[in-house]
Amino acid sequence: MNQKYSAEMRERALRMLDEAKPDHANLMAAVRHVAGLLGMSPETLRVWHRRREVDAGVRPGVPTDVAAENAQLRRENAELRKANEVLKAASVFFAKGARPPLDEMIRFIDMHRDQFGVELICRVLKDAVRGFLTSRGYRAAKTRPASARQLKDELLVGEIKRLHAENYGVYGVRKMHALLRRQGWDVGRDQTARLMRLAGVAGVKRSKKVFTTKSDPTIPQPKDLVKRNFTAPAPRRLWVADITYVATWAGFAYVAFVIDVFSRMIVGWNVASTLKADVLPLQALNMAAFNAAGPLDELVHHADHGSNYLSIVYTDRIVELGAKPSTGTVGDSFDNALAEAVNGLYKTELIRRRGPWRTVEQVELATLEYVWWWNNQRLHGELDYRPPIEVEDAYYADLESAQPVIAGQGTR
């Protein structure tokens, strides 16, 4: 059984061993004799004797003082490596400059305490991050009853996670702040940003645009009746249309949208495996015409110079509806910017986040769900963070009450 002996005991045992060696045939016999008298393991006494010879230079090996120094250096190096790892993990605090919020510091320590230990984390970050918690302050905060703010934060973090997931996981701080306010929560924008960090959610970022328009210079082109002024005083006054594509395992799926500029509502859409005018964009236009609850004689239909939008079957259908066709200049994306912005959001918020896509039919079903969300739930910054259906309902409610439409509505 291993025991811990004092330095005095070690010196006494070695002295007795020196006195016993002349009376025994060899060293090990003397070691066993003395160890038996002292009630210790012969191996312990043998190691002490060997260590004394190494320290005296009689036997080759690392002296005790050098071994102790090496062990100390190894411990210090290990602690420095851990300190560097703590600093790397806490790099998020360095960019802020100000003292980090208490809940963020506690969350960081909770996440890394098993790896580094509370004492080391607090000791290293005390000098590196202004106002960082001490180990005593951390333990006091952990044992202190939760404040009203902490309880509200915990409730809001769960709510933010739920709302973010329900809205395709794409909302950033502005839209999440607007949504929380609509849900009845009295929160500020900075508070929303802090809670989103705690919830581990963030807005989606758009990628670079890919241009897919194929024009045909031999086809007669309508004039530009919009001139980049994407505003409308009422529904069914200006529609914009465009086409995008989605790569699937079964080939490309082409998607056509028709958007009412007044409310940003997607009034018509279609998904097909072909770009033919009578299959893809024409069916989207027919859906928009069917859903329009009124005449279209004041409508301007604006599109780009794609050959499918300039085809006879498509332009004839626009005229048949009583609308006026319009196109922008060649090679200028700004002339159909609103429709292309909708395409970009569709690719960012749905296609790239939910892919890869197997079939055209799978894209079609997902687009159906996305269009419903876009029209009925998605908050649009151009509409004062309201969904399109709410904007149109407010417009028709004003008409029914014989009150003028609110100035600027639908033109933001």
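Every number here is computed from the coordinates shown, using simple stated rules; none is lab data. For clarity, every value in this text was computed on a predicted model and none was experimentally measured. A quick note on method: Cβ atoms are made from the backbone with ideal geometry, for glycine too, and the neighbour counts reach across all protein chains shown.
As a test of the formula, what do you get for the chain when each DSSP H run with n ≥ 4 contributes -39,500 (n - 2.57) and the sum is divided by the residue count, at 222 nm and rounded to the nearest 500 deg cm²/dmol? Mind showing how you got there, number by number?
Numbers: 16 runs with 206 residues, N = 412.
-16000 deg cm²/dmol, from helical runs alone.
What ranking of His24, His380 emerges when the number of other C-beta atoms within 10 Å of each C-beta is taken as an exposure proxy, fewest first? Please list the in-between numbers first.
Numbers: His24 15, His380 20.
With the sparsest Cβ surroundings first, the list reads His24, His380.
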Full-extension gain in nm, Lys152 to Arg99, via 0.36 nm per residue minus C-alpha separation: 16.9 nm
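Could you please report the charge total around Asp393, scoring K, R as +1 and D, E as -1 over all other residues with beta-carbon less than 13 angstrom from its beta-carbon?
Numbers: positive: Arg386; negative: Glu390, Glu392, Asp398, Glu400.
So the surrounding residues net to -3.
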State to the nearest 20 debye the size of the charge dipole of the chain about its Cα centre, where the only charges are +1 on K and R beta carbons and -1 on D and E beta carbons. 2000
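Report the calculated FRET efficiency for Glu85 and Ala202 (r = Cβ-Cβ distance, R0 = 30 Å), to the nearest 0.05. Could the numbers behind the result be given before it?
Working: r = 25 Å, r/R0 = 0.84.
It comes out at approximately 0.75.
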For labels at Glu298 and Glu53 in the simple 7 Å Cα→Cβ model, what's the distance in nm? 11.0
Mind jotting down the distance between the C-alpha centroids of the stretch 2-21 and the stretch 248-272, whole Å? 91
If each residue of separation counts as 0.36 nm, what is the full-extension length gain between Ala7 and Arg74 once their alpha-carbon separation is subtracted? 21.7 nm
Whichever aspartates and glutamates have a C-alpha closer than 19 Å to that of Lys205, once near sequence neighbours (fewer than 8 apart) are set aside: Glu166, Glu340, Glu349, Glu382
Label point distance in nm, Lys276-Arg139, each placed 7 Å from Cα along Cα→Cβ: 7.8
Output the pairs from Lys88/Lys161; Lys175/Lys347; Lys276/Lys347; Lys88/Lys347; Lys82/Lys161 with a Cα-Cα distance over 25 Å in this structure; if there are none, say none. Lys88/Lys161; Lys88/Lys347; Lys82/Lys161
Taking the dipole of the chain about the Cα centre (Lys, Arg +1; Asp, Glu -1; charges at Cβ), the one of Pro325, Gln221, Pro388 that reaches farthest to the positive side is Pro388
Net charge contributed by nearby residues that have their C-beta within less than 10 Å of Ala288 (K/R +1, D/E -1): 0
Gaussian network model of the chain, Cα springs within a sub-10 Å range: biggest mean-square fluctuation belongs to which of Arg52, Arg354, Arg130? Arg52
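Quick one: length gained pulling Tyr245 to Asp127 fully straight, 0.36 nm per residue minus the C-alpha distance? Mind dumping the intermediate values first?
Details: separation 118, 0.36 × 118 = 42.48 nm, distance 5.38 nm.
Full-extension gain reported as 37.1 nm.
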What whole number of Å gives the distance from the Cα centroid of the stretch 42-81 to the Cα centroid of the stretch 107-153? 39
Among Asn376, Ala193, Ala146, whose Cα sits farthest toward the positive end of the charge dipole of the chain (+1 at Cβ of Lys/Arg, -1 at Cβ of Asp/Glu, about the Cα centre)? Ala146
